1. Kindly express, to the nearest 10 degrees and within the range 0 to 90, the angle between helix 385-395's C-alpha long axis and the longest C-alpha principal axis of the chain.
2. For the full complex of protein chains and a 1.4 angstrom probe, list Thr496, Thr186 by accessible area with the highest value first.
3. For the stretch 314-340 and the stretch 125-204, write down the distance between their C-alpha centroids in whole Å.
4. How big is the Kirkwood radius of the stretch 278-373, worked out from every pair of different alpha carbons and given in Å to one decimal?
5. Could you tell me how many degrees, from 0 to 90 and to the nearest 10, lie between the Cα long axis of helix 547-559 and the main elongation axis, the longest principal axis, of the Cα atoms of the chain?
6. Rounded to a whole number, what % of the accessible area of the chain do carbon and sulfur atoms account for, probe 1.4 Å?
7. Out of every Cα pair in the stretch 439-595, what percent are spaced more than 26 Å from each other?
8. Dipole of the chain, Cα-centred, from +1 at each Lys and Arg C-beta and -1 at each Asp and Glu C-beta, to the nearest 20 debye?
Amino acid sequence: MTPHELDNHYFDREISLLQFNLRVLELARDPSIPLLERVRFLTISSTNLDEFFEIRVAGLMQHIAYHVDLASPGDLSPEQVYARVSELAHDLVERQYQVLNDELLPALQAEGIHVLKRGTWTDKQADWIRDYYRREVVPVLTPVGLDPAHPFPRILNKSLNFIVSLKGKDAFGRSSRAAVVQAPRTLPRLIPLPQEIAEAPHAFVMLSSVIHDHVRELFPGMKVKGCYQFRVTRDSDLWVDEEEVDDLMNALKGELSSRRFGGAARLEIADNCSDEMQEFLLSQFQLRQADLYRVNGPVNVHRLSALYDLVDRPDLKYQAFLPLIPQQLQHPGVSPFGAIRKGDILLHHPFQSFTPVIELLREAATDPDVLAIKMTVYRTGSESAINESLVEAAAAGKEVTAVVELRARFDEAANIDLASRLQEAGAKVVYGIVGYKAHAKMLLIVRREGKAIRRYVHLGTGNYHVGTTKAYTDLGLLTCDPKIGDDVHSLFQQLTGLGKVPELERLTQAPFSLHAQTMQCIRNETEIARSGGRGRIIAKMNSLIEPQVIGALYQASQAGVEIDLIIRGVCCLRPGVPGISDNIRVRSILGRFLEHSRIFYFYADGEELTYLSSADWMPRNFFRRVEVCFPVQGKKLKRRIMQEGLQPYLLDNCNSWLLDADGNYTRQSPTDSPACSAQEHLLESFAEEHRAVEATLPEPLANDNLREAASD
């Protein structure tokens, strides 16, 4: 961090986000992590950086181009932030390829997993690769020679391409110094070699190596002076003026295609590319030298993620586990509705299965007593049991309402398809509120029981996406509390209709009351501490950016409130500053699962207020999104949140990074205390609970339960 950046009490969000990706890369270097998981962490750091350029850097470049100041706190200009971001991003990319070439590839080779480079192929391998190239690759390649009749082609966002330096004349007497070869996305980037020629348990070649080695065949009679792979990253932030369009879905459909050809934000080229070709490519994409990244390896490291599925080596992956079905839902003959009527059910994913939510919706779709289903859809995945149940319920004539957020970044196309399917099945589909993303996670089921109507609700901190429930830590609540049901009903009425903000009894909603409630909770702890009482705040979230909340936390710290913040990603708060934030500690937890749950705990003079939310403490979540924050009620559930969602993370000394006042993150390691990994602790705790429950069940029922958990 430069001295200028430390003049204020806020860290820059772009720099903090890059630091997060550096922490992810550190996991790729950790020898205690299984090897193929380390490769996966490397590819995650690469894809994270792609999105960083597509959204954040592209936005910075627009601020610079149009001379618009940044809205974030601090005195840095867009040019200053960009310069620092460029420096850190270049360092990160260099580290990524060092980890790949110096650590991971040798380690893979030691395990019999070879990614073969050109020049290392045996004669038999070269013959097979040549045949593969001519059979599978050549038919879909279209080399473009650059001349007045063949201008530089449009280059797809993040696609693999080659710039070829040529000499000589073709059959028409044309001469050109260069040609472009684009690798179609229909071709696999990582190609397994047949076992009989592999000379290793697992051998692969990259498509880039295959094309490069045979590129001369594309230009017969001409001399290929050089061939260099390149990739361009483009602005991928969609923009639609919602107030000026009549149909948001069709407007977004029209914008999706432009994402592939947005303004260039980064150029990656092979590190052996000639200066002449480098300058030529920069000019084609209207980029500067600072936007250029020379790489020693494949221009898209993410393509190596295919190794994880192609190599069947369980010993090089995390040990599989069975997500636990909550005890309330294990009793034979008890439906999800019956179990929820007996008391609120807290689900802690991925340690506990997401199956109960799927089964609740599946049963609701066919239950004749269910009258209506209402749900917010942000991300569900393209092939989802959730989607099928909604379609089935609508087709069966039930009142199905889906609030589909079409603007969920990079899931727009999938959500447009789902919205169309639901409409065709007879569901009512709305797209939320103009100008506000519907980010809340809510499911409401209205059921007739005798002469009464009962509302069943699921609220969560994460998406209704079965894939992420296995990889993200999130919390969900199943309840039929009448007051929560009334609140959720009111929120759906607001999202689908018109009218004033409803008075909510249990829930808090953004953009109307969540920010005010958060500020009030922090101020209450501040006043208690100033009066000589105990002030205590523990907050766990993905990002902390909102300046007013940060300012309130500084005031609370100065009053003596003890504050622990568990912030996975971006944190703009500066902890440990004498007289400002002495009592604030910030840690980031990274591990096997992506920490995604949002938990907010306030001691409140012994009342111990505990909230779960779909929202981080960011300006967009407080003011530009529809979010929901809901209280955890009852001592038992509050205790679970503390014991599972907060305390293990405060004790973690294996996967925890502490943030200091200078903006540096230091990874913790066990010294005087025993090693503690929050995620491993929770896996073992739930495994022990699983074994204890299985021991009390009859053998056939125990086996059924295992199968149900394994199918999640």
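The values are calculated or read from the model by the stated rules, or taken from the named source; none is laboratory data. Worth saying up front: this structure is predicted, and the values here are computed from it rather than measured. Virtual Cβ from ideal backbone geometry, glycine too; neighbours counted across all protein chains shown. Areas reflect the complete protein model, heavy atoms only, side chains present, ligands, DNA and RNA absent. Shrake-Rupley method; radii C 1.70, N 1.55, O 1.52, S 1.80 Å.
1. It works out to around 70 degrees.
2. From most exposed to least exposed: Thr186, Thr496.
3. With the stretch 314-340 and the stretch 125-204 each reduced to a Cα centre, they are spaced 48 Å.
4. Values: mean 1/r = 0.0524 Å⁻¹.
Mean inverse Cα-Cα distance, inverted, gives 19.1 Å.
5. 60 degrees
6. That fraction is 49 percent.
7. So the pairs more than 26 Å apart make up 44 percent of the total in the stretch 439-595.
8. In debye, rounded to 20, the chain gives about 780.
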